[in-house]
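Colleague: Okay, here's the structure, questions in a sec.
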Amino acid sequence: MSKVTSVGKADEISNRRFPDDFLIGVASASYQIEGAWNEDGKGENIWDRFTHEDPSRIVDKSNGDIACDSYHLYKEDVALIKAVGLDFYRFSISWSRILPTGYADSVNIAGVNYYKNLIKELKDNGIEPMPALYHWDLPQPLQEIGGWLNETIVDIFADYAKLCYQLFGDDIKTWITINEPKQVCLSGYEGGGGPPGIVSPGVGVYNCAYNLIKAHAKAFHIYDDEFRPKQNGRISMIIDGTWFEPGSDSDADKEAAERDVIFLFGLYADPIFKGNWPQVVIDRIAMRSKGEGLEKSRLPEFTPEEQTYIAGTADFLALNHYTTHMVNASTVEPEFGGPSFGKDINVIEWDLDNWEIAGAGWFRIVPWGFRKLLVWLYNYYQTEIFVTENGLSDYNGTMADDHRITFLQTYLTNLLQAIYEDGVNVTGYTYWSIIDDWEWTGGYTKADEISNRRFPDDFLIGVASASYQIEGAWNEDGKGENIWDHFTHEDPSRIVDKSTGDIACDSYHLYKEDVALIKAVGLDFYRFSISWSRILPTGYADSVNIAGVNYYKNLIKELKDNGIEPMPALYHWDLPQPLQEIGGWLNETIVDIFADYAKLCYQLFGDDIKTWITINEPKQVCLVGYEAGAFPPGIVSPGVGVYNCAYNLIKAHAKAFHIYDEEFRPKQNGRISMIIDAIWFEPGSDSDADKEAAERDVIFLFGLYADPIFKGNWPQVVIDRIAMRSKGEGLEKSRLPEFTPEEQTYIAGTADFLALNHYTTHMVNASTVEPEFGGPSFGKDINVIEWDLDNWETAGAGWFKTYLTALLQAIYEDGVNVTGYTYWSIIDDWEWTGGYTSLLPKTLCLNLPKAVQFSKRWIGVSSPSPHSGHKGLSSKPTKYQDPGRVPLIRDVPTDQPSRFLEFPYVLRPKQALPVPAWLRIAEHLRTPEQGLILSLES
């Protein structure tokens, strides 16, 4: 292979060549390409266990059982490398292939012979073998004694290393002990997104690093003392490095960016090059540990003897590099609750909008970051650098990959600049990977084949909250009592932990912090709700509370001043208690009372509002509040209350719409809708009966509220079934209130867009039995059988990856006009009857410094890579998955409340509101004049 880099004139170095002794090669990892997972005596490793135990941990539910079948086809691999003209091949040895139990007293000769044959084939073809002893595939028997958290692993790994030196060392000039310890420890023992799936925030990562570094050092000394004199090889540990660019010229941002590099790279490099943890790591973890009430630091301490033993255990700096992120300093020190690696670093990462996205969502193409990292590392460690991994994941599968050519030109240009202009001693470059491989939790997919897709430029992204859940100040400054105040105070046992929203997140006093958070994350809008009883304590428009009005004026101003669009909801389940005492949503006078309240809000705030929501989730208000009574106002009126509530609520919405449309829209130029929450119901079979039952379920739970405002009347199936059931129950007329022709005309078209909240999906079968005609109920009216597939994940793996991928498919493949997306919620909040406890899955909390810029330009909808260092959402302490959520989350709390504590909450990767659902909801409503769906909550 020529050592000339072919770069365009714009790069101004088209005549530069790599030094004559510069080495170029390719790399792979045993689990990702070998296959033959249980052939010829190979033992089980942690990836075997991780993928077989729960296939849904992988995006496409695949595994590395066969992979590229390089165990059988290694000669083809070598022929490929030779044909390209490369100098070396960096591969990894499968520990469990040569030592099935992990221990050196149980050697598998077939495994040994495989690597001997591979090495011989390479040498015979003039290619230098560069084996890594460990590339994230610990033998499962060793994991069962604690893996990298058990200090005995140090000696066990050393024995394994010694055996490899004995078996293969005469043909090896460069050894790698361990590849990417950051991924092993951070993904495997902090967040659990990769095997062994241990969730031990702020503890596991450091204990893993402590033992792993000592294991590396011992393997180094064994080679140095016993084998180097004869074999004359070199040895190092590969560390993956991301460049973090300061977000400004401020000292704070510069310090934060360097701290990020040091925590993620120096944590592993400083001990082996300097003898101890970086001082900033020592200091911050000690400070955080003390604040957490611990007697000693969570960071294990190297003894003086260990420091001396570890220092200098690398002959060169082996670097894997892919991407760059911007960094700002966090202005807030995280609360001293549960520890985490993210809290220990405490920085805000983000990406520039114009950075090109590679085939994996965590990966932005930033060539100059490569050069800056090389310069920084060389100046900091003063040693030779060998680039052991770099490359571009494919985003379109085409062989005409000009994008990859451009990537190589720009990255290698910057490498050459580092060599020739900055004096960095870089001696080799390795491209990842030799062939298409199995990509960890991404399986064989690349972002579900749409990783190059971007949200439209005018697509809006925001977060949401609800007044009762975050504001607190329940009786301050003249606020009146609402139904949740009454419900929780009257009987605290109604709430799991007997808590209330009296204080909640205290956003009434801390709203500026909320706005700062939203701004820091880089969002377009904030959907909040106005507390009806805060501005109208009695519920009536003749009793205005000026303090409450001023609170919302100040909040809106703060949002506008920070470039964030306010999107208020007039009602989010917090009816003033005096109105409940006259019947609440069952009393038809509520229609005019709500309209008066809406008109007042338009007058007070409308000049600053471009999007209004009248009512959030009428289904929850009516079904849970007036059918079953599980939530306030606690009315149990099966088969009656839910429909009377819906009847009045829809008329109230319509009147509020017309007031805005006729009196305020001409001047304020805003839009208005009602948010309806939807579950997708997938037919349990291809039978017509199951298909009809599934659609009936959607229509009863969504169309009951959507059909009137988009079509003018209840869905026909709802009318027919309730009429039939009512007649069977001996009633003279239907339990479903009837809209008059005038009301139908008045209500139809009272939404400028379809506002959708969505979380989950259920399977549905038709019921073969019509329920007996006893007491009525909403469930009998629908009469379907709902169920879930056993392999559906309970609220966890791959939330953003799979949901936003489905959303993009709906936009680009199905032509659905989706114009916005809202994440719930802005901060940890009081979660209705779940209080402050977490009984079911957790939700992501976008609060500083737990997340970084959430920009529509870079939301990750592609498969993650172990190179990213960014882990995903966990719903269980033992399974912290990460196929492709927001790529730059540094900390996901494990003590947060769940979204719906009362109901089964199940994630269906690729099926949770599957693409057909977006389409079928749009087709069912057939509203070309509205022509869009704004997904307001997920």
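Colleague: Averaged across orientations, what area in nm² does the convex hull of the alpha carbons in the stretch 307-445 project?
Modeller: Value for the stretch 307-445: 12.1 nm².
Colleague: Given N residues in the stretch 643-717, what is its alpha carbon radius of gyration divided by 2.2 N^0.38 Å? Write down the numbers at each step before the final one.
Modeller: Values: Rg = 16.0 Å, N = 75, 2.2 N^0.38 = 11.3 Å.
Ratio of Cα Rg to 2.2 N^0.38 Å: 1.41.
Colleague: Stick to the Cα atoms of the stretch 20-93, pair each with every other, and give me the Kirkwood hydrodynamic radius in Å at one decimal.
Modeller: 13.8 Å
Colleague: A further question follows. Can you give me the Rg/Rh ratio for the stretch 400-532, using Cα atoms for both radii and the Kirkwood formula for Rh?
Modeller: 1.27
Colleague: Could I ask something else about it? Say the cut-off is 30 Å between C-alpha atoms; which of LYS182/LYS512; LYS162/LYS182; LYS182/LYS230 go over it?
Modeller: LYS182/LYS512; LYS182/LYS230
Colleague: Something else now. For a quick check of understanding: with a 1.4 angstrom probe and all protein chains in place, what accessible area in square angstrom does PHE455 have, to the nearest ten?
Modeller: Rounded to the nearest 10, the figure is 10 Å².
Colleague: Given the stretch 581-625 reduced to its alpha-carbon atoms as identical point scatterers, what log10 I(q)/I(0) does the Debye formula return at q = 0.17, 0.20, 0.27 Å⁻¹?
Modeller: Normalising to I(0) and taking log10 leaves -0.62, -0.79, -1.03.
Colleague: For the stretch 621-679, what is the Kirkwood hydrodynamic radius in Å, using each pair of distinct C-alpha atoms? Mind showing how you got there, number by number?
Modeller: On the way: mean 1/r = 0.0771 Å⁻¹.
Its Kirkwood hydrodynamic radius stands at 13.0 Å.
Colleague: Consider just the alpha-carbon atoms of the stretch 595-730 and return their Rg together with their Dmax, both in angstrom.
Modeller: Rg, Dmax (Cα atoms, Å): 17.5, 54.
Colleague: One quarter of the convex hull surface, Cα atoms only: what value does that give for the stretch 51-208 in nm²?
Modeller: Across all orientations, the stretch 51-208 yields a mean hull projection of 9.9 nm².
Colleague: Distance check, please: which entries in LYS557/LYS651; LYS651/LYS727; LYS599/LYS651; LYS498/LYS619; LYS553/LYS610 exceed 20 angstrom between their Cα atoms?
Modeller: Cα-Cα > 20 Å for LYS557/LYS651; LYS651/LYS727; LYS498/LYS619; rest within.
Colleague: Between the stretch 324-350 and the stretch 186-259, how many Å separate their Cα centres?
Modeller: 19 Å
Colleague: Give me D for the stretch 115-255 in µm² s⁻¹, whole number, from Stokes-Einstein with Rh from the Kirkwood sum over alpha-carbon pairs, 4 °C and 1.567 mPa s.
Modeller: So the translational diffusion coefficient is about 78 µm²/s.
Colleague: In whole percent, what relative contact order does the stretch 576-695 give with Cα contacts below 8 Å and a gap of six or more residues? Numbers along the way, then the final one.
Modeller: Values: 141 pairs, mean separation 37.2, N = 120.
Dividing the mean separation by the residue count of the stretch 576-695 yields 31 percent.
Colleague: Given an 8 Å cut-off on Cα distances and at least 6 residues of separation, report the relative contact order of the stretch 707-829 as a percent.
Modeller: 21 percent
Colleague: Give the cross-link partners of LYS479 among the aspartates and glutamates, using a straight C-alpha distance below 16 Å as the criterion and excluding same-chain residues fewer than 8 apart.
Modeller: Here the aspartates and glutamates satisfying the reach criterion relative to LYS479 are GLU471, ASP502, ASP506, ASP542, ASP574.
Colleague: Hey, could you get me the Stokes-Einstein D for the stretch 205-274, Kirkwood radius over alpha-carbon pairs, 4 °C and 1.567 mPa s, rounded to whole µm² s⁻¹?
Modeller: Rounded to a whole number, D works out at 91 µm²/s.
Colleague: Hey, if you put +1 on the Cβ of every Lys and Arg and -1 on every Asp and Glu Cβ in the stretch 620-681, which of PRO632, TYR647, ILE679 ends up farthest toward the positive end of that dipole?
Modeller: With unit charges placed on the Cβ atoms, the residue in question is TYR647.
Colleague: Using Cα pairs closer than 8 Å and at least 6 residues apart in sequence, work out the relative contact order for the stretch 238-347, in percent.
Modeller: On the way: 156 pairs, mean separation 43.9, N = 110.
It rounds to 40 percent for the stretch 238-347.
Colleague: Further question: Let me make sure I get this right: for the stretch 701-832, a, b and c are the square roots of the gyration tensor eigenvalues over alpha carbons, sorted descending. Under 1.5 in a/c it's rounded, otherwise prolate if a/b > b/c, else oblate. Which is it?
Modeller: The shape class here is oblate.
Colleague: Let me ask something else. Specify whether the C-alpha gyration tensor of the stretch 187-334 places it in the rounded, prolate or oblate class, a ≥ b ≥ c being the square roots of the eigenvalues: rounded for a/c under 1.5, otherwise prolate if a/b is larger than b/c and oblate if not. Before the final figure, lay out the partial values.
Modeller: On the way: a/c = 1.89, a/b = 1.47, b/c = 1.28.
Prolate is the answer for the stretch 187-334, as a/c is 1.5 or above and a/b outweighs b/c.
Colleague: In Å and on Cα atoms, what radius of gyration and Dmax does the stretch 235-319 show?
Modeller: 14.6, 41
Colleague: I've got another one for you. Cα-Cα pairs above 14 Å in the stretch 688-746: how many percent?
Modeller: Values: 1031 of 1711 pairs.
Percent of Cα pairs beyond 14 Å in the stretch 688-746: 60.
Colleague: May I pose another question? On the principal axes of its Cα set, how long, how wide and how thick is the stretch 280-381? Give whole Å, largest value first.
Modeller: 46, 40, 23
Colleague: Going by the alpha-carbon gyration tensor, a ≥ b ≥ c the square roots of its eigenvalues, is the stretch 514-553 rounded (a/c under 1.5) or, if a/c is not under 1.5, prolate (a/b greater than b/c) versus oblate?
Modeller: prolate
Colleague: Taking just the C-alpha trace of the stretch 476-605, give me its Rg and Dmax in Å.
Modeller: Calculated on Cα positions, Rg and Dmax stand at 15.6, 44 Å.
Colleague: Test of the criteria: in the stretch 700-798, which GluC sites (Glu not before Pro) are in a DSSP loop and have at most 11 other Cβ atoms within 10 angstrom of their Cβ?
Modeller: Working: sites: GLU729, GLU732, GLU738, GLU742, GLU743, GLU772, GLU786, GLU793; in loops: GLU729, GLU732, GLU738, GLU772.
Answer by residue number: GLU732, GLU772.
The values are calculated or read from the model by the stated rules, or taken from the named source; none is laboratory data. Since we're looking at a predicted model, the values are computed, not measured. No Cβ is skipped: glycine too gets one built from the backbone with ideal geometry, and neighbour counts run over all protein chains shown. Each accessible area value is taken on the protein alone, full model and side chains, heavy atoms only, with ligands, DNA and RNA left out. Shrake-Rupley method; radii C 1.70, N 1.55, O 1.52, S 1.80 Å.
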